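The values are calculated or read from the model by the stated rules, or taken from the named source; none is laboratory data. Remember, predicted model here, so these are calculated numbers, not experimental data. Virtual Cβ from ideal backbone geometry, glycine too; neighbours counted across all protein chains shown.
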Amino acid sequence: MSKTTKKDKIILAICICIIIPYAIYDYFNPVIYTENVYAYELANFSQKHDDTNIQCHLNVEHTGKVIIAELTFVNNSKNIVRVHKWALIENGEMTSSEFEVTRDSIESDYHCMTIKRGPPAEADMRSLQPGVPFITRTKITECYDFTKKGTYQIFYHSYFPFTNGSLEIKSNVVTIVIE
């Protein structure tokens, strides 16, 4: 039977104090793994966004208590750009706070559902062709509070982190007055 040396005890202590806790942490916290997979998947779905320019124009229709936002996205780059359908609010259904709304310079809270997403699948992406507008409409009164009198400023803002850069899309600011 061999003797346990001081070196063996140090290695054992390192395993117990450092390596095992990290292994347990990774096992019980799969979000770390999911984010890494998500970043990898985004890299596979994206191009290099150094030269990407997606223009977004916001129009707002205010009729009675309903406010409808119409967004027009135009890919001004030379290449096809793939963007998440949820970020384009493709079917008029908001699943995250893509708008920034303020009333008299006070931020209005987003109060609709927010979906936690995993890695995007092919069906989760929309290809924006160069120069071809993509138009979508949504009732923003369903997700933001416009019941108080005041001056509201509304704009669309979305940000996509990629492993090889990022893509940020902002619209113009629209001001409406509710009396």
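Please verify whether the stretch 130-141 includes one or more residues that are part of a helix (DSSP H, G or I), touching a residue at least 24 places away in the same chain (Cβ under 8 Å), assigned by TED's automatic domain parsing to the domain that holds residue 92 and more than 15 Å from the chain's Cα centre (by Cα). Within the stretch 130-141 (the criterion being part of a helix (DSSP H, G or I), touching a residue at least 24 places away in the same chain (Cβ under 8 Å), assigned by TED's automatic domain parsing to the domain that holds residue 92 and more than 15 Å from the chain's Cα centre (by Cα)), the answer is yes, since at least one residue qualifies. Within the stretch 148-179, can you find the residues that are part of a strand (DSSP E or B) and at pLDDT below 85? Correct list: 159, 160, 161, 162, 165, 166, 167, 168.
Would you please list the contacts, defined by Cβ atoms under 7 Å and residues six or more apart or on different chains, that run from a residue in the stretch 76-105 that is within 21 Å of residue 121 (Cα to Cα) to a residue that is charged (D, E, K, R) and assigned to a loop (DSSP other than H, G, I, E, B)? Listed by first residue and then by second, the contacts come to 87/98; 89/98. For the stretch 98-111, the tally of residues that are crowded, with 17+ Cβ neighbours inside 10 Å and assigned to a loop (DSSP other than H, G, I, E, B) stands at 2. Would you confirm whether any residue within the stretch 31-50 is at pLDDT 60 or above, surrounded by 14 or more Cβ atoms within 10 Å (Cβ to Cβ) and assigned to a loop (DSSP other than H, G, I, E, B)? For the stretch 31-50, residues at pLDDT 60 or above, surrounded by 14 or more Cβ atoms within 10 Å (Cβ to Cβ) and assigned to a loop (DSSP other than H, G, I, E, B): absent. Kindly check whether there is at least one residue in the stretch 112-123 that is surrounded by 15 or more Cβ atoms within 10 Å (Cβ to Cβ) and under 22 Å from residue 57 (Cα atoms). There is no residue in the stretch 112-123 that is surrounded by 15 or more Cβ atoms within 10 Å (Cβ to Cβ) and under 22 Å from residue 57 (Cα atoms).
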